[in-house]
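Here's the structure, in structure tokens; my notes come after.
The values are calculated or read from the model by the stated rules, or taken from the named source; none is laboratory data. This one's a predicted model, so the numbers in the text were calculated from it and none came from an experiment. Positions of Cβ are backbone-derived with ideal geometry, glycine not excepted, and every protein chain shown enters the neighbour counts. Accessible surface is based on the protein model in full, side chains and every heavy atom, while ligands, DNA and RNA are left aside. Shrake-Rupley method; radii C 1.70, N 1.55, O 1.52, S 1.80 Å.
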2 protein chains.
Amino acid sequence: MMDLAPLDGLLLDHRTKGIPGGTPPFPLGAIGVKQWNVLREDMTLPVAVLKDLALAHNGAWMRRFLDASGAAIAPHGKTTMSPQLFARQLADGAWAMTLATIQQVQVARDFGVDRIVLANQLVGRQAIRYVVSELKRDPGFEFYCLVDAAANVAALAAAAREAGLDRPLQVLLEGGYPGGRTGCRDLEAALDVARAVKQAAPVLALRGVEGFEGLFHGATTAETAGQVARFLDFLVEIAITASQQDLFAPGRLLLSAGGSAFYDMVAKRFAAAGIDREVMVLTRSGCYLTHDSVLYREAFADLVARSPELAQLGPGLQPALEVWAYVQSWPEPGKVLLTMGKRDVSYDELPVPLSWCRPGDARPRVIDDGHVVTGLNDQHCHMTVPAGSPLRVGDMVGFGVSHPCLTFDKWPVLYIVDDDYTVTGAVRTFF
Amino acid sequence: MMDLAPLDGLLLDHRTKGIPGGTPPFPLGAIGVKQWNVLREDMTLPVAVLKDLALAHNGAWMRRFLDASGAAIAPHGKTTMSPQLFARQLADGAWAMTLATIQQVQVARDFGVDRIVLANQLVGRQAIRYVVSELKRDPGFEFYCLVDAAANVAALAAAAREAGLDRPLQVLLEGGYPGGRTGCRDLEAALDVARAVKQAAPVLALRGVEGFEGLFHGATTAETAGQVARFLDFLVEIAITASQQDLFAPGRLLLSAGGSAFYDMVAKRFAAAGIDREVMVLTRSGCYLTHDSVLYREAFADLVARSPELAQLGPGLQPALEVWAYVQSWPEPGKVLLTMGKRDVSYDELPVPLSWCRPGDARPRVIDDGHVVTGLNDQHCHMTVPAGSPLRVGDMVGFGVSHPCLTFDKWPVLYIVDDDYTVTGAVRTFF
């Protein structure tokens, strides 16, 4: 059970982006009382907001997807690193949280997350020591990490033995592919690692097979999907063979893959794995909750095109994350600069303007397609504007982002807003 | 006078990257007592460290440069956003801090920075209100911001009048160039804005001329330098003409330009401006203090090639900032993955491995040139390794970064280390 009370009591002040200068420190949990409205210029810009209705919509959509597919989810917490959003995801039925680093695990543990998948090998003296000591300290803590090398298996086993751990450290065998990221490149390498885990019983237990398919980039959508499909086949092959060779620990088998772009394929392929034992299919999307306006917008369109039955789940994911900035300068025809930069939004792809607002307006106005972001510096956004653009210095523009993970990490606090952009809450992140 | 006592008392715990799991909260100012050593694996990786001797060396080098050139500096605080490093720069003789956003101004004010150059137009209701109220509240606060549009001049004047400010809001006229960032594109536009400021006396005062030359990118170093030189000529032309037309407020004139790549040219050109009144040449490098291993390493080599007299100042700037990560996986010949990604280092250019260390080593070892970073994901670094590379899973690699600004913002706390990588202090950042 997560404990968010310390965050409600966390004092915010004007050192945090968004909080107006001179505001006396106040508890985060009381921010809604202030009735700050972004469009009314009650906050400083740039400011990052999460639209509450879109978050709720996306959470409900994912629940319906999981109900329909039979898969479970351990959302990747690295996306938001916000315990308050973790709690929302767990309340929505998430089975566990996925995390990428030991610091992320430490944060999640502090706020009471009791089931964690570390989607990496556990390496380093302090990281191994911490996990083993947490497992020893708290019998309610359930932990899984990946293995792709016998040397790492040996290091984990030695640490578990040395600590006198009275239950196994649970691991998932990672499959990879040539040129990819981590994970065993072929079946033989994977089985070698699985055998090393089995030999390390009872201090280690092999609970399943894992892979990450999110980095394939074929020349076409179809080619990418083909690469993903072959990789999922490989993961299933590892699982079947290791099962036939009795390399898994007793109990339910975990088959896990799925970032935020291909979880439909993962759920279908793993559900049809044909392994003669109980299997849990575990997806790990981190980005479904906030979605975005560029990368995952496109990925979701591909997903629905590929799996048209998902249209039955109702309207699809909606972008919940926006960053608002002022027009700061209009120094030459056709170009404005805004108060937002690489310190404020992801820039693997550029952000897109969604709407604008003049001080005094109660609602955002439509911004036409001629407004295009052309570049970002650390603290500036360069935007082309069409002839006749209504914008002026001091107007506000709301942007959709290209990638939630690399936007969240630029905001210690993001603000929850209703559809009128009135702040109803705030979430703290830990990066 | 800056007050850093609140930072010494700030409690750190294992939610902060680098702090080992389970460490009871402790005050930042007491971190040296722990005698943590990075190479001895006392901390979690990735970890960002600042080499104390390199910081001191760079601070002293810049002092010698300023003494030799006659210029002053208002270091751009956006680079580090660390009040502790601001204090170091002010103690080294910096005339003011430069900042980019109102949140950055708020942070600097909280820790007692009393002279600030906001290197942007001041826009937005809360931003204008805060600055005017701070100027009213604290007679010791000295503030400058940029103007490039008469409409913004009018907004500032109205706010100052409405608040009953009893001293002028001081502004610098910003010159720009076609296709560039903010700033007036031609002399007539600049003089129009200057006249608007003069008409707004006594609530506004035009104190000087400013520009930013750091975004020129010619096909060759020489072409870029030529573009910078012409732009500096333009800024001088604005200053001379505005002075002839008596558009500046009485008193010393500020001429300010200079990011971290061309401050030699700025100091020389502005010193020879030939304006018939007292002039202060104000440079604004943010990156000299930590320097880096890619972008500014190259820029500094160009600077010394262009201004060979700087060799007399002694050995040049040294990279002070490193990020250390573990080898996490070696899944195929020639390739390793490390525990570091876009969440940990700048990625406008990729980081470069500088040295490595095996657990148990007391000192880093040389890493050969065949080790090359080929890509970064959010939490992973892809690195090519040569045949025969000594690295193993669990070894540590120290990286130099491409760009300090976009590395600092990924670390709430960076650790000051001595030459043996023992932690002697820590600095908090506010992004």
(message) Give me a comma-separated list of calculated 3J(HN,Hα) values for the range A:316-324, in order, Karplus coefficients 6.51, -1.76, 1.60 applied at θ = phi - 60°, integers in Hz, x for any Gly or Pro.
(response) x, 4, 10, x, 9, 9, 9, 10, 9
(request) Taking 20 Å² as the minimum loss, tell me which residues in the range A:321-338 lose that much accessible area going from the chain by itself to the full protein complex (1.4 Å probe). (result) A:Y326, A:Q328, A:S329, A:P331, A:E332, A:K335, A:L337
(request) Starting from the Cα of A:R230, step 7 Å along the direction of its Cβ; do the same at A:A154; then give the gap between the two resulting points in nm. (result) 3.4
(request) Return the long-range amide H neighbours of B:I416 (sequence gap of 5 or more, or a different chain), with a cut-off of under 5 Å between placed amide H atoms. (result) B:L50, B:T424, B:G425, B:A426, B:V427
(message) Under a crude label model (7 Å from the Cα following the beta-carbon direction), how far is A:D52 from A:R195 in nanometres?
(response) 5.9
(message) Are there any residues in the range A:357-403 with a reduction of at least 30 Å² in accessible surface when going from the isolated chain to the assembly of protein chains? Probe 1.4 Å, please list them by number.
(response) A:N377, A:D378, A:Q379, A:H380, A:V393
(message) Taking a virtual spin label 7 Å from the Cα of B:R161 along the C-beta vector, which residues in the range B:181-212 bring their backbone nitrogen under 17 Å of it?
(response) B:195-206
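Once whole DSSP H runs in chain A are found, which of them have Cα atoms spread over 15 Å or more along the helix axis and a mean Kyte-Doolittle score of at least 0.0?
A:150-163, A:187-199, A:221-244, A:295-306
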(request) Only residues of the range A:7-33 count here: report those whose backbone N is under 16 Å from the spot 7 Å along Cα→Cβ of A:D420, or say none. (result) A:32-33
(message) Under 8 Å for C-alpha pairs, at least 6 residues apart: give me the relative contact order for the range B:331-406, rounded to a whole percent.
(response) 45
(message) Viscosity 1.567 mPa s, temperature 4 °C: give me the Stokes-Einstein translational D for the protein assembly as shown in µm²/s, with Rh taken as the Kirkwood radius over C-alpha pairs.
(response) 46
(message) For the protein assembly as shown, give me the percentage of DSSP beta bridges that are antiparallel, rounded to the nearest 5 percent.
(response) 50
(request) Return the average number of partner chain Cβ atoms within 10 angstrom of each residue Cβ along peptide A:13-24. (result) 6
(request) Assuming 1.002 mPa s and 20 °C, estimate D for chain A with Stokes-Einstein, Rh taken as the Kirkwood radius over Cα pairs, in µm²/s. (result) 93
(request) Under 28 Å between C-alpha atoms is the cut-off here; go through chain A and count lysine pairs that meet it, provided they're at least eight residues apart or on different chains. (result) 18
(request) Please list, in chain and number order, the residues 5+ apart from A:W36 or on another chain whose amide H is under 5 Å from its amide H, with Hs placed from the backbone. (result) A:V423
(message) If you roll a 1.4 angstrom probe over the protein chains with everything in place, what fraction of the accessible area of the protein assembly as shown belongs to carbon and sulfur, to the nearest %?
(response) 53
(message) Under the rule of at least 5 residues apart or a separate chain, name every residue whose amide H is placed under 5 Å from the amide H of B:L169.
(response) B:L204, B:A205
(request) Normalising by the residue count of the range B:90-174, find the relative contact order in percent from Cα pairs under 8 Å and 6+ residues apart. (result) 27
(request) Output the relative contact order of chain A, whole-number percent, from Cα pairs under 8 angstrom with separation of 6+ residues. (result) 21
(message) Treating the range A:268-361 as a set of equal point scatterers at the Cα positions, no solvent, please give the Debye-formula log₁₀ I(q)/I(0) at q = 0.11, 0.15 Å⁻¹.
(response) -0.54, -0.82
(message) If each DSSP helix of 4+ residues adds -39,500 (n - 2.57) and the sum is divided by the residues in chain B, what number results at 222 nm, nearest 500 deg cm²/dmol?
(response) -9000 deg cm²/dmol
(request) Keeping every protein chain in place, order B:E41, A:E309 by accessible area at 1.4 Å, biggest value first, i.e. largest first. (result) A:E309, B:E41
(message) How far apart, in nanometres, would the label points at A:A387 and A:A91 be if each is projected 7 angstrom from Cα along the Cα-to-Cβ direction?
(response) 5.3
(request) With springs only between Cα atoms under 10 Å apart, run a GNM on chain A and tell me which of A:H382, A:H57, A:H14 wobbles the most. (result) A:H14
(message) Taking a point 7 Å out from Cα toward Cβ as the label site, list the nm distances between B:E298 and the same residue in every other copy, smallest first.
(response) 2.7
(request) Estimate for me the total accessible surface buried between chains B and A (protein heavy atoms, probe 1.4 Å, no ligands or nucleic acids), in Å² to the nearest 100. (result) 5800
(message) Residues of the range B:79-115 that become at least 50 Å² less accessible with every protein chain present than in their own chain isolated, using 1.4 Å: which are they?
(response) B:Q103, B:Q106, B:D110
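Suppose all protein chains stay in the model; what accessible area per residue would a 1.4 Å probe give for the protein assembly as shown, in Å²?
That works out to 34 Å² for each residue.
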(request) Quick one, can you get me the convex hull of the C-alpha atoms of the range A:178-223 expressed as volume per residue in Å³? (result) 92
(request) Put a label point 7 Å from Cα along the Cβ direction on B:A387, then list its distances to the equivalent points in the other copies in nm, shortest first. (result) 6.4
(message) Pick from B:S402, B:S293, B:S329 the residue whose mean-square fluctuation is largest in a GNM of chain B, springs joining Cα atoms under 10 Å.
(response) B:S329
